1. Scanning the range 58-87 for residues that are in a loop (DSSP other than H, G, I, E, B), within 24 Å of the chain's Cα centre (by Cα) and modelled with pLDDT of 90 or more, which turns out farthest from residue 25 (Cα to Cα)?
2. So residue 115 clears everything in (1) surrounded by 15 or more Cβ atoms within 10 Å (Cβ to Cβ); (2) within 30 Å of residue 267 (Cβ to Cβ) except one condition, right? Which one?
3. Would you be able to tell me the number of residues in the range 67-112 that are touching a strand residue (DSSP E or B) at 6+ places or on another chain (Cβ under 7 Å) and either surrounded by fewer than 13 Cβ atoms within 10 Å (Cβ to Cβ) or outside the structural domain of residue 131 (by TED's automatic domain parsing) (or both)?
4. Just checking, which of 271, 276, 295 is touching a residue at least 40 places away in the same chain (Cβ under 8 Å), within 19 Å of residue 180 (Cα to Cα) and under 17 Å from the mean Cα position of the chain (by Cα)?
5. If you check residue 336 against the conditions, is it surrounded by 19 or more Cβ atoms within 10 Å (Cβ to Cβ), more than 19 Å from the chain's Cα centre (by Cα), modelled with pLDDT of 95 or more and under 18 Å from residue 227 (Cα atoms)?
6. Can you list residue pairs whose Cβ atoms sit under 6 Å apart, with the first residue in the range 198-220 being on the phi > 0 side of the Ramachandran plot and the second being assigned to a loop (DSSP other than H, G, I, E, B) and crowded, with 17+ Cβ neighbours inside 10 Å? Count only pairs 6 or more apart in sequence or on different chains.
7. In the set 136, 103, 90, which member is under 30 Å from residue 177 (Cβ atoms) and either in contact with a helix residue (DSSP H, G or I) (Cβ under 6 Å, 6 or more places away or on another chain) or at pLDDT 85 or above (or both)?
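The values are calculated or read from the model by the stated rules, or taken from the named source; none is laboratory data. Given the structure is predicted, the values throughout are model-derived calculations rather than measurements. Neighbour counts are summed over all protein chains in view; Cβ atoms, including those assigned to glycine, are modelled from backbone coordinates with ideal geometry.
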């Protein structure tokens, strides 16, 4: 690992000045959770990002927040996606230039994501760290990782993929898990379920997150056709998936399928997870998933496909039942078994809570992240 001279060592680790950089706010909940955890451990943290359009942000923060990027693009409403994209393309180089001055006082510049063409725009400030949040989905843009002194991934699977697909040296890769979103357990202003959902009395299976082809929601709907006595809630806005084929599969199911096809602000999220008897992640491919880290925080029994980071979580912690991807029969069998066995659901839920409070806690994530900063600046 490359060592960069600096002022951080084992005796003053808490005083490190960290700039977390996420121009588009692609992983805003992660940004704020990591910033807060680092600040609780004594780091001086500033989060440099853009205005978040999808809901409220934490009101009480122990870190600085600067909306440095895209002042024009973020004035457009959520329905003006094309205008936002054009404005962001024009504003992005200006934001990267403004970033250079903000990094003068930093000990570490930690990027949460960059675009494919950003290699030439990265400020010269060292050391540089980048977290690649989804190697499989973003492999085309991870060339910027070669410019970094260290690259963080959330799973051992992601580390292998980053080496094989992008050519990043294993010596520069660090595996630091994605933290469980436990702040959702005590969120101010939590909103109740919509009335039509609050009236549901039977078991509820929850599939949460943006509706995309790689998430295998069609496989889940085929599996649900063989499940009786439960409802399936598919909650999230569609991004690259036509909904009519999914609605057709839903009409063939024995139980009722309900779709909530919009973005949910954080205050709306807890009610859905508290109500769910089972969370299902039927992905075709995955490195890691923010939804998994919400389910861990709420201590929910999880059924997930045996791929990528899902397999690591289930095997390392016992927090989840694994099934083969693209296998509706196996998925239906796992769902039926768990709905019929309250004890098994409780055991999986307890393992999820233990994982959220232990290796997937934000305190542990911050500790390991500060160790990396120390290594780079030692």
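1. Kept after step one, since they are in a loop (DSSP other than H, G, I, E, B), are these residues of the range 58-87: 58-63, 70-72, 76-80.
Keeping just the survivors that are within 24 Å of the chain's Cα centre (by Cα) gives 58-63, 70, 77-79.
Now drop any that are not modelled with pLDDT of 90 or more, which leaves 62-63, 70.
Details: 62: 19, 63: 16, 70: 11 Å.
So, considering only residues that are in a loop (DSSP other than H, G, I, E, B), within 24 Å of the chain's Cα centre (by Cα) and modelled with pLDDT of 90 or more, the one farthest from residue 25 (Cα to Cα) is 62.
2. The failed condition is (2).
3. Residues flagged as touching a strand residue (DSSP E or B) at 6+ places or on another chain (Cβ under 7 Å) and either surrounded by fewer than 13 Cβ atoms within 10 Å (Cβ to Cβ) or outside the structural domain of residue 131 (by TED's automatic domain parsing) (or both) within the range 67-112 amount to 1.
4. Numbers: 271 fails: under 17 Å from the mean Cα position of the chain (by Cα); 276 fails: under 17 Å from the mean Cα position of the chain (by Cα).
None of the others qualify; the one that does is 295.
5. Details: surrounded by 19 or more Cβ atoms within 10 Å (Cβ to Cβ): no; more than 19 Å from the chain's Cα centre (by Cα): yes; modelled with pLDDT of 95 or more: yes; under 18 Å from residue 227 (Cα atoms): yes.
For residue 336, the condition - surrounded by 19 or more Cβ atoms within 10 Å (Cβ to Cβ), more than 19 Å from the chain's Cα centre (by Cα), modelled with pLDDT of 95 or more and under 18 Å from residue 227 (Cα atoms) - is not met.
6. Close Cβ pairs satisfying both conditions: 209/236; 216/282; 216/283.
7. Working: 136 fails: either in contact with a helix residue (DSSP H, G or I) (Cβ under 6 Å, 6 or more places away or on another chain) or at pLDDT 85 or above (or both); 90 fails: under 30 Å from residue 177 (Cβ atoms).
Testing whether each residue is under 30 Å from residue 177 (Cβ atoms) and either in contact with a helix residue (DSSP H, G or I) (Cβ under 6 Å, 6 or more places away or on another chain) or at pLDDT 85 or above (or both) leaves just 103.
For (1) surrounded by fewer than 16 Cβ atoms within 10 Å (Cβ to Cβ); (2) part of a helix (DSSP H, G or I), each residue gets a yes or a no:
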| site | (1), (2) |
| --- | --- |
| 280 | no, no |
| 325 | no, no |
| 344 | yes, yes |
| 348 | no, yes |
| 351 | no, yes |
| 355 | no, yes |
| 363 | yes, yes |
